[in-house]
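The values are calculated or read from the model by the stated rules, or taken from the named source; none is laboratory data. All of these numbers come straight from a predicted model, not from anything done at the bench. Cβ coordinates were reconstructed from backbone atoms using ideal geometry, including for glycine residues, and neighbour counts include every protein chain displayed. Surface accessibility is based on the protein's heavy atoms, side chains included, excluding ligands, DNA and RNA. Shrake-Rupley method; radii C 1.70, N 1.55, O 1.52, S 1.80 Å.
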Amino acid sequence: MKPYVSFNSVSHFYETDEGQQVEALRNVDFHIEKHQFVAVVGPSGCGKSTLLKLLTGLLRPAGGQVKIFGTPVTEPRDEIGIVFQQPTLLPWLNVLENVMFPIKHKRGRISSKEKEQALSLIKMVGLDDFSQRMPSELSGGMQQRVGIARALLLDPEILIMDEPFSALDALTREEMGFDLLRIWNQSPKTVLFITHSITEAVLLADKVLIMSPRPGRLSEEIFIDLPRPRSAETVKEKAFAEYSDRIRQQIYHPREFTVVSNESKVKQEVSNL
């Protein structure tokens with residue numbers, strides 16, 4: 001069975017205004033299975049956002065291939081929904097109208113069924129009492145919930161999340177993490193989640209990809225063997241701290257760039273920390 005998403009020896013370069021080439025990614029290999037939640041962590045400038053742009057089809061790799069369902073990505077595709085760092089809501093539209101905007105923009109109209117689906121998603125993200133409110137009346141966390149509902153309206157197979165909680169305060173960010181777990185449990189998607197937070201990655205993900213400094217390479221792949229559904233109690237578990245410490249060690253004191261992809265080996269090494 002082919003993986004939903006695969007990066008096969010992917011490399012990419014950017015060209016500066018002076019005409020020099022900057023290597024952003026080098027020989028990145030990984031795959032994501034159906035309904036798997038994969039988080040990517042690494043230092044600033046390691047190519048995390050480049051990974052997302054390659055998967056969305058906004059960029060073409062300089063080397064290697066990015067595939068969805070076994071087909072090379074050459075242009076933007078409808079199977080992908082995106083949640084950005086900022087929710088980018090239209091200030092003149094209310095919550096319901098913002099959630100429905102992508103469909104209205106694409107098709108020029110909204111059916112009664114699609115409106116019902118939008119209202120159902122607004123309820124799922126905990127904003128059923130706010131469907132007629134304007135963005136200026138919402139907190140940052142509530143605005144990001146609107147962004148998640150909007151991304152889910154087209155029912156994408158794959159959901160890309162680019163540091164969606166980075167602009168929130170610590171308490172709201174933690175709350176949004178648990179909300180995202182609840183939403184993902186109710187509406188499973190194949191997720192690629194970019195974050196600078198190690199604990200956030202461990203809490204949310206089935207697998208964490210650790211990127212090296214630029215040029216970004218996959219330095220380690222860690223399977224997170226923590227039971228689901230996860231909750232505030234998960235954070236207190238010894239294994240949670242061990243996974244977090246392992247990721248932190250690899251980021252700040254990296255070993256050779258040998259990807260560990262054998263799940264049983266990873267579990268054993270974590271247990272020995």
Beta bridges per DSSP with both ends in the range 136-262, % antiparallel, nearest 5
50
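Between GLU33 and LYS123, take the C-beta separation as r, use R0 = 25 Å, and let me know the FRET efficiency to the nearest 0.05.
Details: r = 29 Å, r/R0 = 1.17.
Calculated transfer efficiency: 0.30.
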Please report how far the C-alpha centroid of the range 124-200 lies from that of the range 230-253, rounded to the nearest whole angstrom.
22
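Can you tally the net charge around LEU209? Count Lys and Arg as +1, Asp and Glu as -1, for every other residue whose Cβ sits under 12 Å from the Cβ of LEU209.
On the way: positive: LYS48, LYS207, ARG217; negative: ASP29, ASP206, GLU220, GLU221.
Spelling it out: positives minus negatives among the neighbours equals -1.
How much mean residue ellipticity at 222 nm does the chain get from its helices, if each DSSP H run of length 4 or more adds -39500 (n - 2.57) and you divide by all residues, to the nearest 500 deg cm²/dmol? Show your work: numbers first, answer last.
On the way: 8 runs with 97 residues, N = 273.
Rounded to the nearest 500, it is -11000 deg cm²/dmol.
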So what is the relative contact order of the chain, in percent, for Cα pairs below 8 Å that sit 6 or more residues apart?
24
Once the dipole of the chain is set up from charges on Cβ (+1 Lys and Arg, -1 Asp and Glu), the residue from the list LEU171, VAL5, SER139 lying farthest towards its positive end is VAL5
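If R0 is 45 Å, what FRET efficiency do you get for ARG228 and TYR14 from their C-beta distance, rounded to 0.05?
Numbers: r = 38 Å, r/R0 = 0.84.
Approximately 0.75, to the nearest 0.05.
Once R0 is set to 22 Å, what does the formula 1/(1 + (r/R0)^6) return for the Cβ-Cβ distance between GLU237 and HIS196, expressed as a FRET efficiency to the nearest 0.05? Mind showing how you got there, number by number?
Working: r = 22 Å, r/R0 = 1.02.
The formula returns an efficiency of 0.45 here.
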Report, to the nearest 10°, how far helix 238-252 tilts away from the longest principal axis of the Cα atoms in the chain, using its own Cα long axis and a range of 0 to 90°.
70
Dipole moment magnitude, nearest 20 debye, the chain about Cα centre, only Lys, Arg, Asp, Glu C-beta charged:
540
Reciprocal mean inverse distance between Cα atoms of the chain - Kirkwood radius, Å
19.5
In whole Hz and in residue order, list the ³J(HN,Hα) couplings for the range 98-112 that follow from phi through the Karplus curve 6.51 cos²θ - 1.76 cosθ + 1.60, θ = phi - 60°; x for Gly and Pro.
5, 5, 7, 4, x, 5, 5, 5, 7, 10, x, 7, 10, 7, 5
Sequence-distant or interchain residues sharing an amide H contact under 5 Å with LEU25, placed H: which?
HIS12, GLY216
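Given a 1.4 Å probe and every protein chain left where it sits, what share in percent of the accessible area of the chain is carbon and sulfur?
On the way: 6570 of 13420 Å².
Ligands and nucleic acids excluded, carbon and sulfur give 49 percent.
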With the charge dipole of the chain built from beta-carbon charges (+1 for Lys and Arg, -1 for Asp and Glu) about the Cα centre, the Cα from THR190, VAL40, LEU204 projecting farthest to the positive end belongs to THR190
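Quick one: grab the alpha carbon gyration tensor of the range 1-129, order the square roots of its eigenvalues as a ≥ b ≥ c, and give me rounded if a/c is under 1.5, else prolate or oblate depending on whether a/b is larger than b/c. Don't skip to the answer; put the middle values down first.
Numbers: a/c = 2.25, a/b = 1.79, b/c = 1.26.
It is prolate, given that a/c is not under 1.5 and a/b is the larger ratio.
LYS104 to SER136: extension gain in nm, 0.36 nm per residue of separation minus the Cα-Cα distance? List each step's numbers first, then the result.
Values: separation 32, 0.36 × 32 = 11.52 nm, distance 2.19 nm.
The LYS104-SER136 span can extend by a further 9.3 nm.
Sort the range 72-179 into rounded, prolate or oblate with this rule: let a ≥ b ≥ c be the square roots of the eigenvalues of the Cα gyration tensor; rounded if a/c is under 1.5, and if a/c is not under 1.5, prolate when a/b is larger than b/c, oblate otherwise.
Working: a/c = 1.77, a/b = 1.13, b/c = 1.56.
In terms of gyration-tensor shape, oblate.
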Can you give the % of DSSP beta bridges in the chain that are antiparallel, to the nearest 5?
55
Quick check for you: with a 1.4 Å probe and neighbouring chains kept, what is the accessible area per residue of the chain, in Å²?
49
